[in-house]
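First comes the structure, then the notes that go with it.
The values are calculated or read from the model by the stated rules, or taken from the named source; none is laboratory data. Only a predicted model underlies this, so the values are computations on that prediction, with no experimental measurement involved. Every residue, glycine as well, gets a Cβ built from its backbone with ideal geometry; the counts of neighbours run over all protein chains shown. To get the accessible areas, we keep the full protein, side chains included, count just its heavy atoms, and leave off ligands, DNA and RNA. Shrake-Rupley method; radii C 1.70, N 1.55, O 1.52, S 1.80 Å.
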Amino acid sequence: AFANVFAQSAKSSDRYFTVLARPSALNYPRLGLAISRKVAKSAVARNRIKRIIRDSFRHHQAWLGGLDCVVMGRVGLVEPDNAVLFAALQRHWRRLAQSCAPS
């Protein structure tokens, strides 16, 4: 599923995340995470970021329908607090749900 999303997808990015999404044949959304050591040096920091992403994804699943999403972190992701990251992710989910909606 990762390769399909990377090959052809809608993209939403800001200073914290790049989120790729592509409609799938399934009627539920799936999430992939790509948080590298370059983005967050310590495993503790990477796990915190992944936890925030998963939690946000869980809250917004109803909007996302049958999308396959891959969230990639960008440098500078560790500094902001959880609320800022949640808000950023919410914008991405909304943007992608609109751009990938069947017309």
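Couple of notes before you dig in:
- Cut-off 12 Å between beta-carbons: net charge of the residues surrounding Ala3, Lys and Arg +1, Asp and Glu -1: 0
- Carbon plus sulfur fraction of accessible area for the chain, probe 1.4 Å, in percent: 51 percent
- Heavy-atom accessible surface of the chain, averaged per residue, reaches 58 Å², computed with a 1.4 Å probe.
- Using distinct alpha-carbon pairs, which all enter the 1/r mean, Kirkwood radius of the chain in Å: 13.6 Å
- Dipole magnitude for the chain: computed about the Cα centre from +1 point charges on Lys and Arg Cβ and -1 point charges on Asp and Glu Cβ, it is near 260 debye.
- Considering only Ala45, Ala83, Ala34, the Gaussian network model of the chain with Cα springs below 10 Å gives its largest mean-square fluctuation to Ala83.
- Among Ala25, Ala40, Ala62, the largest mean-square fluctuation in a Gaussian network model of the chain (Cα springs under 10 Å) belongs to Ala25.
- Label zone (Asn27, point 7 Å along Cα-to-C-beta; backbone nitrogen cut-off 17 Å) within region 63-99: 63-68.
- Taking the longest Cα principal axis of the chain as reference, the axis of helix 43-59 is set at about 30 degrees.
- The slack in the chain from Ser13 to Trp63, taken as 0.36 nm per residue of separation less the alpha-carbon distance, amounts to 16.2 nm.
- A helix-only calculation puts the chain at -13500 deg cm²/dmol for mean residue ellipticity at 222 nm, using -39500 (n - 2.57) for each DSSP H run of at least four residues, averaged over all residues.
- Lys38-Lys50 pseudo-label distance in nm [points 7 Å out on the Cα-to-Cβ vector]: 1.9 nm
- Highest-MSF residue in the chain out of Lys11, Lys38, Lys50 [GNM, Cα springs under 10 Å]: Lys38
- Dipole of the chain computed with +1 at Lys/Arg Cβ and -1 at Asp/Glu Cβ about the Cα centre; of Phe57, Ala3, His92, farthest Cα towards the positive end is Ala3.
- Acute angle (nearest 10 degrees) that the helix 82-99 long axis makes with the longest principal axis of the chain, alpha-carbon atoms: 20 degrees
- Antiparallel DSSP beta bridges within the chain, as percent of all bridges there, nearest 5: 70 percent
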